[in-house]
Amino acid sequence: PPPPPPPPPPPGLTLKVAPALNMDCDATCGAAGLRCDAAGFYAANACAIMQGFFPCTAGCEGSFGFEQPAFESPSRCLLTSEPFKSTCAAAHARTTRLCPCVPSPNPNPI
């Protein structure tokens, strides 16, 4: 059977580039006062989106990894074949992640 259609992007989605190699999206989003929402990996997993954040001069390559979509320096963007398996906690020593962040629920409502 064909794969299910991708879910719509979560409300308030902001894509953020991890500030370092081997850094996960929980930390990347958390540093901005946001939280990672794995449903947003579908929105990030497109060559045109990746090219807006990284110099994908070697093109976009279909791959698989729990930390993808991601950028492999110096010039290759990796798109995952299975975005529903990407996780917010994954990281890889050779890649920089593009993270789907959403607003955190306010823990102390006034």
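The values are calculated or read from the model by the stated rules, or taken from the named source; none is laboratory data. Worth saying up front: this structure is predicted, and the values here are computed from it rather than measured. For neighbour counting, all protein chains shown are included, and Cβ atoms are generated from backbone atoms with ideal geometry for every residue, glycine included. Just the protein is used for accessible areas: all its heavy atoms, side chains included, with ligands, DNA and RNA removed. Shrake-Rupley method; radii C 1.70, N 1.55, O 1.52, S 1.80 Å.
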Using +1 on the beta carbon of Lys and Arg, -1 on that of Asp and Glu, and nothing else charged, what's the dipole of the chain about the Cα centre, debye to 20? 100 debye
For the chain, what does -39500 (n - 2.57) per DSSP helix run (n ≥ 4), summed and divided by total residues, give at 222 nm, in deg cm²/dmol to the nearest 500? -3000 deg cm²/dmol
For the chain, percent of DSSP beta bridges that are antiparallel (nearest 5) comes out at 75 percent
Have a look at the chain and give its Rg and Dmax from the Cα atoms, expressed in angstrom. 13.7, 50
Average accessible surface area per residue within the chain, 1.4 Å rolling probe, Å²: 54 Å²
Over the chain, what is the mean sequence separation of C-alpha contacts under 8 Å (at least six apart), divided by residue count, expressed as relative contact order in percent? 38 percent
Accessible carbon and sulfur surface of the chain relative to its total accessible area, %, 1.4 Å: 62 percent
Starting from the Cα of residue 87, step 7 Å toward the Cβ, then list every residue of region 32-50 with an amide N under 20 Å from that point. 35-45
